[in-house]
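Structure, as structure tokens:
The values are calculated or read from the model by the stated rules, or taken from the named source; none is laboratory data. Not measured: the values here are computed from a predicted model. Don't worry about glycine lacking a Cβ; one is built from the backbone with ideal geometry, like all the others, and counts go over all protein chains shown.
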Amino acid sequence: MKSVKRICAFVAGFVLFGAGLLKLMDPVGASLVVGEYFNFFHLGFLAPISKVTAVLFAMLEAVVGAALLTGVSPRITSVVSGVLLLFFTVLTLILWIKNPPMDCGCFGEAIHLTHFQSFIKNVVLCALWAVAFVPLKSVWKPPRVKIGSFAIAMISVMAFTVYSLLHVPAMDFTPFKPGVTLMQAQVTPSADAPLLSICAPDGEYCDELLASGHKLLLTVYDPDDLSAGKAASLKEFGDALRELGTAEPVYVAAGEFPGVEGAYTADRRNLMSLNRSNGGATLISNGMVIAKWPERSLPEFSKIESLVALDGASAVAQENTPRRLKLQGFLLYLFAVVLLV
């Protein structure tokens, strides 16, 4: 019976740990989901703390998941995980009943579930928890408590969180992920192709501007939160790129681009999906999204030149494959630490 309990705790911990990591990989995306929750429950005034809330909840999921996997503090872990799963179950039950037009965000952008699927997933996790820990007074202590594994995992998760807050996601699950061709650049547009509409200052839509040629989009989705120094840095970078003629800089903001006259405007949410950095650079070649960088890590001009010299698929692979491999290696290391050390 103890082995069955341990397996149930392991499965629940694996799901929580993975869900937490997927959210921590994309804190901006997680904050969008939390913002939708705030709006749904008429708590829109809490929007300024949506990112902090998203990161804290994702960290809690990762910590509880790692504790379940390693067997650390089983009595405390059983209570905390039970409360957390009950909270998620009630929350998704409300979403299933009300059926608002929003995503539950259980696994970030990686996996999208309907409200019913999300509720059933949480019911199953609650059932696994019940098998593992009910009655609470009989909670067992595993024969091998991996405190070292838990500590290493938590340090690694915190470092991963800091990295994610400073960079764009290494693995992109948004509609504008590298390798995707924009709808306006497709001869026969597919129904699920993303459309990035940009509007000139005179109100005219200029979507076709992104359909051909090499464009480096310098985007800002929250102009009020972008410092004057960062705005100046983006403009200076774009002006220098224009002089080189490698790619045409296109300034786009959800509102007024600080310090730039004649900038284009676009939907805030689309800009956040295009580039998670508030002040980011996105290379688009003949309508295909090639690569993304945050303002603090703008690419060398030589890198842009090498990318535009390649065909789209090769450019996407050259710039994005190494980052994906590093992320996959990190995740394998993290799960190995939790499961094997």
(request) For segment 223-237, state whether one or more residues are in contact with a Lys or Arg (Cβ under 9 Å, 6 or more places away or on another chain), crowded, with 20+ Cβ neighbours inside 10 Å and among the aliphatic types (A, V, I, L, M). (result) no
(request) Pairs only if they're at least six apart or on different chains, beta carbon under 6 angstrom, first in segment 214-234 and farther than 17 Å from Gly255 by Cβ, second assigned to a strand (DSSP E or B) and of a type outside the set (Asp, Glu); list them, first residue then second. (result) His214/Ser285; Lys215/Val250; Lys215/Ile284; Leu216/Pro249; Leu216/Ala281; Leu216/Leu283
(message) I'd like the full set of residues that are β-branched (Val, Ile, Thr) and in contact (Cβ under 8 Å) with a residue 12 or more places away in the chain, limited to segment 313-328.
(response) Val316
(request) Considering only residues that are among the small types (Gly, Ala, Ser) and part of a loop (DSSP other than H, G, I, E, B), look in segment 37-92 and name the one that is nearest to the chain's Cα centre (by Cα). (result) Gly71
(message) Need pairs with beta-carbon distance below 7 Å; first residue among the hydroxyl-bearing types (Ser, Thr, Tyr) and within segment 35-56, second assigned to a helix (DSSP H, G or I) and surrounded by 15 or more Cβ atoms within 10 Å (Cβ to Cβ); sequence gap 6+ or separate chains.
(response) Ser50/Ser31; Ser50/Val34; Ser50/Gly35; Ser50/Phe38; Thr53/Val34
(message) Cβ-Cβ distance below 6 Å, separation of 6 or more or different chains: which pairs start in segment 284-297 with a residue that is charged (D, E, K, R) and modelled with pLDDT of 95 or more and end on one that is surrounded by 24 or more Cβ atoms within 10 Å (Cβ to Cβ) and not in a helix (DSSP H, G or I)?
(response) Lys292/Asn275; Lys292/Thr282
(message) I'm told Asn39 meets every condition in (1) touching a helix residue (DSSP H, G or I) at 6+ places or on another chain (Cβ under 7 Å); (2) within 30 Å of Asp225 (Cα to Cα) except one. Can you identify the failing condition by its number?
(response) (1)
(message) Can you say whether Ser190 is under 21 Å from Phe257 (Cα atoms) and among the polar types (S, T, N, Q), as far as the supplied structure shows?
(response) no
(message) For segment 172-182, which positions are of a type in the set (A, V, I, L, M, F, W, C) and in contact with a Ser or Thr (Cβ under 8 Å, 6 or more places away or on another chain)?
(response) Phe176
(request) Scan segment 201-233 for residues that are in a loop (DSSP other than H, G, I, E, B) and out of contact with any strand residue (DSSP E or B) (no Cβ under 6 Å at 6 or more places or on another chain) and report the count. (result) 11
(request) Please name all residue pairs, on different chains or six or more residues apart, with Cβ atoms under 9 Å, provided the first residue is in segment 329-341 and is hydroxyl-bearing (Ser, Thr, Tyr) and the second residue is surrounded by 12 or more Cβ atoms within 10 Å (Cβ to Cβ) and modelled with pLDDT of 95 or more. (result) Tyr333/Ser156
(message) Every residue in segment 287-300 that is under 13 Å from Leu241 (Cα atoms) and in contact with a helix residue (DSSP H, G or I) (Cβ under 6 Å, 6 or more places away or on another chain), please.
(response) Leu298
